[in-house]
Amino acid sequence: MVFLWFGMAVAQASPPGFGVADVSALPGRGEQVPMAMLRPAKAASATEAVEPPDDAAPWAPQALGIRPLGFSDEGVWTRARLANPGRQAMSGWLVVTEPFADWVDCVVTSPRGETTTYRMGDHRPYAERPIPHPRFILPLTWRSGETLEVRCYIRNQGAMLVAFEYWQPANFWAVERKMAMAKFLGYGAVLLVICCGVLGLLVNRIPAAMLLVIELVPLLMGTLAGEGDAFEFLWPAHPAFNLPPFMWTLTACMAGTVVVNRILPLARIEKFLVKLVVATALSLMLLAVAIPMSQPLGAAVNVLPLGYLLLLVALCLRHWRGGHLPRILAVGVGAQALGLVGVLLGVLGVLGPAARLSALFASVVKAMSLAVALAYRMRVEREQGLQAQQAHTRELEQRLAYESQLRHVATHHLRYGLPNQALLDEALRRATLTPRPLVLSLWVIRLNRLSFLESILPRERLAKLVEGYASTIAEWLQGRDDLRLLTVENALYVVALDDGTLAFASVGQPPKAAMVELTAFLTHRYEQDGLFIAWDPHVGVSCTPSEQNQAHDMIDEARVALQWSNAHQRVVMFDAERMKREQLSYGLTLDLEGAIVRGELVLHYQPKVDLPSRQTKSFEALVRWRHPVRGMIPPGAFIAEAEATGAINRLTMWAIRETARFLLTLPDPDVRVSVNISAFDLATPRFVEQVLAILREEHCPPERLILEVTESAALSDRERALGILSALRRAGVQIALDDFGTGYSSLAILQELPLDEVKVDRSFVTDLKESQRKQEVLKAMIDVGHRLGLTVTIEGVEQEDSVDWLTLHGCDVIQGFVFSRPLEAQVARQWLQAQQAVLA
């Protein structure tokens, strides 16, 4: 910022009167000619022809020497007069401005009224320039005694430095040849280091080489952009690729920050400063793209990078004692900072245009320093690699010495010494890779009492018992003519999959007789050294068809079949159809959460009819799943899995909320609705608070909700269930005991639980007229319920004669198809409206 203010102040101090340059008296070696400047009110069009201001406009004469015109999105107009008072015609070049100007429109007017317009700039094709050079040059020709007037409109996203230098072409090219040689050497040095970095990354796999490329590419591109060489040599037909030089400078600062962060062990505050540098540099780049260029923003994007580099130099100096890499890095960053100072002074005109090459020379110094750092890193890593290779050689020798032992450990069970699953997989694979693959059967035996035996027997004794049991099984299998065992290793057939699981394989389908006799053999007590062992073994069997050759699939299927075994069926064959059914059921449970969100679940309401008035005073809410693929799914297909996986609580809360909303839409405010809850709900923390919170949110009185709990759910944790149900009942929620008579049917539960209603299971009303014993049991249930002050509800009533019998014997409420199936919400409301209409 200080450099910018200084340049602007010098440019505006003691402006002389606007004069005419005598080109015949100039040697043509870059002499500046007098000029004036005019700032327009708004920017001119970049595509249409410009109209230069006339002489009456407020042109401001500019001093010779430093001519920075600042940062202005509207651009500036410049004006100069060049005269040839001599008697001979002459020609020369006028360098209007330096590279990196986005739009340059120049109008050359002669006394004869001839006008020539030149449209140049980095946002226009390079071929449109009258002189193919990064600087913007006008070729001028004077007749004897003629004066040419040049008016140029300059607009740039960044600093604008006007040259207005007069050159003879021969002198110009002589200077350019010297600068071209310097550029060639500088660019070549930087490119050489970048290529070394790429080769180091690709060939030697050195991560530091990538940092070298990240660091130097933005530096090189910034210099190419600032000098205009990128546009001239890389993409002359694509001006859209030209970025302002300060963009590359900010990118280089961010890249240098990343390199420092990767190399130096920075403290927390230092890492914060590094992140701050990256964030502010990125913000400046975004601001420069998003908003028009202004004096503060232009100063910031040109001066702040110097502050960034000075901060990096300070970080490197702080870690000076950390080794050679921080010191080399400090030299490179310091050279980059000095180069940026030269660029700023060059942009401001303090040191002249050639001073901008200091960035290139700084890039060379930094490239050399990073190359030295890379070479040092390579030497260190080579030494470390040699040491690692020597250590690897020693380790390899040790591995070769113990190869036999390691293979035994990898392919045998550590405790039993039996072949393990690896050898079994290999044997199955060999059998299936033959020209005519075999049909194989895999038998997996689980010793269920092994955990108990581990608690009472020493490990060594138990291991010998398992080895002896495996040998006994193998001898029994070898004695059968209907089983052809698959050899696993030498003469061994039985393997140990884990501590409590044995396995063997046979060729062909598993014989049914062998499965039956194996069950009888395994249930016999095993005796060794006077010790009788009951292993309680279960067996899972899987069969692989000839076209299947996945050994792990066989083991997984056998383990699945093992899970299906029980005390009544010890040997179970894998069933693919059963597996599909269980997967489908579990898949429905996994999809249940999404079904609630997608609104696929609905509640149907079955009327509960009072006797003997036959009026509906309550409903039971029953969930249905309207699946987009499988259609309407009853609750029996997913409720059990939902309880097993814990999804039932979310379903219960949804049902209570939907019920509360339904209650508020009913025409009769005294009607109640019951919702089923499970044992998992009673075990859920804050279940009471969740229920009452839903009722408060929906503005539903608790007295209108009935929660139905089964005997098994209430008895799963009697004390907790009693506390939860009591709290709900105190809040006004009614409690009903569902499916009474199918569980423990203890009269104590009717006495202990805070109940309002008892619902007798449907099994007691099936064939009620024909079963005298059912009638007597129902009479007793109704009498006990009434004596305890409970409402007695009979579920599943489907016949009218059952209704008459229940009415005669004092049943309070009936629920079943005899009156209505479960109804949709709208139909249930119409049911109540029809009932009210009849009563009216």
Let me check against my output: what whole-number percent is the relative contact order of the chain, with C-alpha pairs under 8 Å and at least 6 apart?
7
Considering only C-alpha atoms, what is the centroid distance from region 213-259 to region 717-781, in Å?
83
Any lysines with Cα under 27 Å of the K366 Cα? List them, leaving off those in the same chain fewer than 8 positions away.
K178, K183, K271, K275
In degrees, nearest 10, the alpha-carbon axis of helix 421-432 is tilted away from the dominant principal axis of the alpha carbons of the chain by 90
Helical contribution to [θ] at 222 nm, DSSP H n ≥ 4, -39,500 (n - 2.57), averaged over the chain, rounded to 500
-15500 deg cm²/dmol
Can you run phi through the Karplus equation (6.51, -1.76, 1.60; θ = phi - 60°) for region 390-403 and list ³J(HN,Hα) in whole Hz, with x for Gly and Pro?
5, 5, 5, 5, 4, 5, 5, 4, 5, 5, 5, 5, 10, 4
What distance in nm lies between label points placed 7 Å from Cα along the C-beta direction at S110 and T487?
10.8
Straight-line reach check, K774, cutoff 13 Å on alpha carbons, 8 or more apart in-chain or any other chain, hits among aspartates and glutamates -> D761
Straight-line reach check, K512, cutoff 16 Å on alpha carbons, 8 or more apart in-chain or any other chain, hits among aspartates and glutamates -> D481, D482, D575
The chain: angle of helix 576-590 to the longest principal axis, Cα-based, in degrees nearest 10
60
Note, region 28-44: 3J(HN,Hα) by Karplus (6.51, -1.76, 1.60, θ = phi - 60°), whole Hz, Gly/Pro = x, goes x, 10, x, 6, 7, 10, x, 8, 10, 10, 9, 9, x, 6, 9, 6, 7
Residue-normalised accessible area of the chain, given per residue in Å² at a 1.4 Å probe
48
Based on DSSP, what percent of beta bridges with both residues in the chain are antiparallel, to the nearest 5?
75
Free-standing Cys residues across the chain, given no other cysteine C-beta under 4.7 angstrom
C195, C196, C253, C316, C543, C700, C811
Could you tell me what percent of the accessible area of the chain is made up of carbon and sulfur, with a 1.4 Å probe and every protein chain present?
58
At what distance in nm do the modelled label points of R720 and R630 sit from each other, each positioned 7 Å from its Cα along Cα→Cβ?
2.9
Full extension from D801 to Q833: what is 0.36 nm times the residue separation minus their Cα-Cα distance, to one decimal in nm?
8.8 nm
Got a sec? Which residues in region 435-468 would a label at L531 touch, if it sits 7 Å along Cα→Cβ and we count backbone N under 19 Å?
447-468
Could you order T47, T766, T544, T807 by accessible surface area, starting with the largest, using a probe radius of 1.4 Å?
T47, T766, T807, T544
Principal-axis tilt of helix 169-202 within the chain, Cα atoms, nearest 10 degrees:
20
Label-point separation (nm) for A388 and L457, each offset 7 Å from Cα along Cα-to-Cβ?
4.9
Could you sort the peptides 309-318, 476-485 by per-residue average Cβ neighbour count (10 Å cutoff), highest mean leading?
309-318, 476-485
Which FRET efficiency value, to the nearest 0.05, is calculated for K774 and A640 with the Förster distance at 22 angstrom and r the Cβ-Cβ distance?
0.20
If the chain between E824 and S91 were fully stretched, how many nm would it gain, using 0.36 nm times the residue separation less the Cα-Cα distance?
254.1 nm
Once fully extended, how much extra length lies between Q569 and R429, figured as 0.36 nm per residue of separation less the alpha-carbon to alpha-carbon distance?
47.4 nm
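The values are calculated or read from the model by the stated rules, or taken from the named source; none is laboratory data. None of these values were measured; they are calculated from a predicted model. Here Cβ is always computed from backbone atoms with ideal geometry, including for glycine, and neighbour counts include all displayed protein chains. Side chains included, ligands, DNA and RNA excluded: accessible areas come from the protein's heavy atoms. Shrake-Rupley method; radii C 1.70, N 1.55, O 1.52, S 1.80 Å.
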